Every structure is written in structure tokens, then in C-alpha cells.
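The values are calculated or read from the model by the stated rules, or taken from the named source; none is laboratory data. Just so it is clear, the structure is predicted and the values come from calculations on it, not from any experiment. Here the Cβ positions follow ideal geometry from the backbone for every residue, glycine too, while neighbour counts run over all protein chains shown. What goes into the accessible areas is simple: the full protein's heavy atoms, side chains included, and nothing from ligands, DNA or RNA. Shrake-Rupley method; radii C 1.70, N 1.55, O 1.52, S 1.80 Å.
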Amino acid sequence: CGIAIVKDGHATEEESKMLPGNFNIEIRVASHPIPDLRSVSATQKVLELLKTKASERTLVLCCISGGGSALLTCPRPPLTLEDIAETNSCLLRSGMSIDKMNVIRKRLDDAKGGRLAAHAAYPSAVVSLILSDVVGDPLDLIASGPTVPDSSNWRDASDLFGEFGLGRGGRYELPTKVLDL
């Protein structure tokens, strides 16, 4: 069983019939580049499958590509979807590169920065196929690295706040709960 999370308009009618019928893979549509409730719902379903269906005899195959930072979203408490959506909007408006955005996004989400794999009962049984359209992209930055260790830290994210006007009173001030976290 499995789930494929795709953005609007990216699953053909044929795929929508074939994947569930032949392979027991549910297709979930979510929003990109700003996550929405469908993103959170699909991610919660993925996490539920990892916790309830995967055993020590289960090989968990994760196919990850760019765009996954919006499609795979599980706000870290006490953050809400609205906090994450507003943060993504601010990051996009700031002109920040995607790799720098993902340094921040990994701090705010329970499925990014290696935490998706950590939700599996047996994280060592998680295998990832990671695709990028940018040669040399670090694996932990593609889709905010849901299955690989995070090479960045809170200080790296904090440094970006000042550099791009994301802090309190900045041109692209992030939501209060994000700054508090």
C-alpha cells in the first residue's frame, strides 16, 4: 500500500485509476507552492501508514522530488497550517533561494529534516529515491529532506532571518509563532 502526493493537475486520469487499482497506491492532490489542508491531510495519512502498516519486515520506499516541501507538510506544534502557509509566502516574497528556504522550513515541520523516516517503526528500512532538477543539490534540501539527516541547524535558520528581513519588524516578517519557536 502507499500514497502518492501530487500537485493539482499532475495525476492523469489513467494514473488515477491504475495506481489505486493495480498497486494499492492512493493518489492525494495537494497545493504547491503554498501548502493547504490537503497537504497536511495527505502527510498525516503517510505518517499513519508508517506507524501502523510498516513492520520490521517492511521495506518503505520513498520517492521524493522537488516541490515536496509544500506537498508534504505537517506543522510542528504549536504551529498551524496558516503559520506554515504565511511563512512560505514570506519566504517566496523575500527572494530567498529554495535551498535557504528549506533550511527554515525543516525547523517548522514534523515530516522534514529526516523526521519522516524517523516516524517509521524501523527507520533503517526506509529507502529513498530522490530526484532533483538541480545537479549537485544536497539530499537534505530536496523537498526539505524528509528521509535524510539535516545538515543545517537553528542558528543557520536564524541567520537567514536577519539576512532576508524575516525577523520582527522586517520587511517580510514571519508569523509570531514561527519567530517564537
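When residues of region 37-59 are filtered for being farther than 14 Å from R115 by Cβ and either not hydroxyl-bearing (S, T, Y) or not in a helix (DSSP H, G or I) (or both), how many remain?
Final tally of qualifying residues: 14.
Can you confirm whether region 38-50 contains a residue that is of a type in the set (G, A, S) and modelled with pLDDT under 95?
no
Count, please, the residues in region 60-81 that happen to be closer than 17 Å to K7 by Cβ, outside any helix (DSSP H, G or I) and among the hydroxyl-bearing types (S, T, Y).
The qualifying residues number 2.
Please report, ordered by residue number, the helices (runs of 4 or more DSSP H) entirely within region 86-165 with at least 2 residues that are farther than 29 Å from K51 by Cβ and open to solvent by 20 Å² or more (accessible area, probe 1.4 Å).
98-105, 154-163
Could you list all residues from region 61-114 that are closer than 18 Å to V29 by Cα and among the hydroxyl-bearing types (S, T, Y)?
Listed by number, the residues that qualify are S65, S69, T73.
Tell me, which residue of region 23-53 that is buried (at least 19 other Cβ atoms within 10 Å of the Cβ) and touching a residue at least 60 places away in the same chain (Cβ under 8 Å) is farthest from I5 (Cα to Cα)?
So the residue we want is L50.
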